[in-house]
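Novice: After the C-alpha cells below, expect a handful of questions from me.
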Amino acid sequence: KPGPQRILFAGDSMMQGVAPLLMRELAREHPDWEMTDLSRQSTGLTVRRHFDWPQRIAQEIDARQLTLVAVFLGPNDPWDLVVDGQRHVFPSTGWAWRYAQRVDEILAAASRRQVRVLWLGLPAMPDGRLRDGAVIQNRVFHERAKAWRTDYLATEPLVGKLSEPVRRHEEDEQGQRVNLRAQDGVHFAPAALRRIRDALLTHLDKAKTP
C-alpha cells in the first residue's frame with residue numbers, strides 16, 4: 001500500500017540482529033513510518049507453548065493496522081511437532097506438512113486483512129539437524145509464500161548456500177578478510193547483517209506498492 005507503512009518485524013535471533021539495523025535506516029528515509037520489532041530469541045513455529053507466533057502476528061496486525069509483516073526465523077524449529085497429542089517426527093513428510101500449516105496460519109491471517117508478508121529464507125547452516133531443517137523450511141517458506149502470492153527473500157546468495165558448508169568468513173576484492181558468521185556458524189557477524197539489511201531495503205523499495 002502506498003503511503004506511510006506500518007511494519008512488524010517478527011522472528012527469532014535471526015531477526016533480532018537484522019531488525020534494529022533496518023529500522024534505523026528506514027526511519028531515516030521515512031520518518032512517518034511506524035515500525036515494531038517483536039523478534040525474540042529461542043522462539044519459532046514448532047513449539048507454541050511459550051510464544052505463539054501465528055496468534056501474536058494476527059493480534060498485532062489488528063492492533064497496529066499493519067501494512068507489512070517481515071518474518072525471519074527457523075533454527076529453533078527442527079524438532080518433533082506435537083499437534084492434538086499426535087507427534088510428528090522431524091524430518092518426516094508429516095512434520096513438513098504440519099510445519100507448512102503453521103506458516104499458512106500466519107499467511108492466511110495477513111491475506112485476510114490485505115497485509116503483505118515478506119518471508120526470509122535461511123542461509124547455510126551447520127551440518128546436521130539445523131541444516132536438514134533449513135532445507136525443508138526454505139522449501140516450505142518459498143512454496144507457501146508463492147501459494148499466498150506474497151514475498152520471499154532468499155538469504156543464501158548473501159551469506160552462503162545451504163548446499164555448501166558454512167563459511168565463517170570470506171575475502172573481499174582487496175583481499176581483506178570479512179567475517180560473516182559468529183563462532184556458532186548460525187548467527188551473523190555485522191558484515192552479513194548489513195548485507196541482509198541492504199537486500200531488505202532494496203526489496204522494500206521496489207515493493208512500495210503491492
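The values are calculated or read from the model by the stated rules, or taken from the named source; none is laboratory data. Note that this is a predicted model, so its numbers are computed, not measured. Neighbour counts are summed over all protein chains in view; Cβ atoms, including those assigned to glycine, are modelled from backbone coordinates with ideal geometry. Accessible surface areas use protein heavy atoms only, side chains included; no ligands, DNA or RNA. Shrake-Rupley method; radii C 1.70, N 1.55, O 1.52, S 1.80 Å.
Novice: Taking the residues in region 89-107 that are in contact (Cβ under 8 Å) with a residue 12 or more places away in the chain and assigned to a loop (DSSP other than H, G, I, E, B) as candidates, determine which candidate is surrounded by the most Cβ atoms within 10 Å (Cβ to Cβ).
Specialist: Applying the filter and picking the extreme gives 90.
Novice: Please go through region 145-163 and pick out each residue that is of a type in the set (Phe, Trp, Tyr) and open to solvent by 60 Å² or more (accessible area, probe 1.4 Å).
Specialist: 148
Novice: Still on this structure, please answer the following. Residues that are farther than 19 Å from residue 189 by Cα, touching a Leu at 6+ places or on another chain (Cβ under 6 Å) and among the hydrophobic types (A, V, I, L, M, F, W, C): find the strands (runs of 3 or more DSSP E) completely inside region 1-88 holding 2 or more of those.
Specialist: Strands (runs of 3 or more DSSP E) meeting the threshold: 6-11, 68-72.
Novice: Every residue in region 164-210 that is open to solvent by 90 Å² or more (accessible area, probe 1.4 Å) and under 21 Å from residue 142 (Cβ atoms), please.
Specialist: 206, 210
One line per residue, one yes/no per condition, for (1) among the aliphatic types (A, V, I, L, M); (2) open to solvent by 10 Å² or more (accessible area, probe 1.4 Å); (3) assigned to a helix (DSSP H, G or I):
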{"residue": "109", "(1), (2), (3)": "yes, no, yes"}
{"residue": "124", "(1), (2), (3)": "yes, no, no"}
{"residue": "130", "(1), (2), (3)": "yes, yes, yes"}
{"residue": "136", "(1), (2), (3)": "yes, yes, yes"}
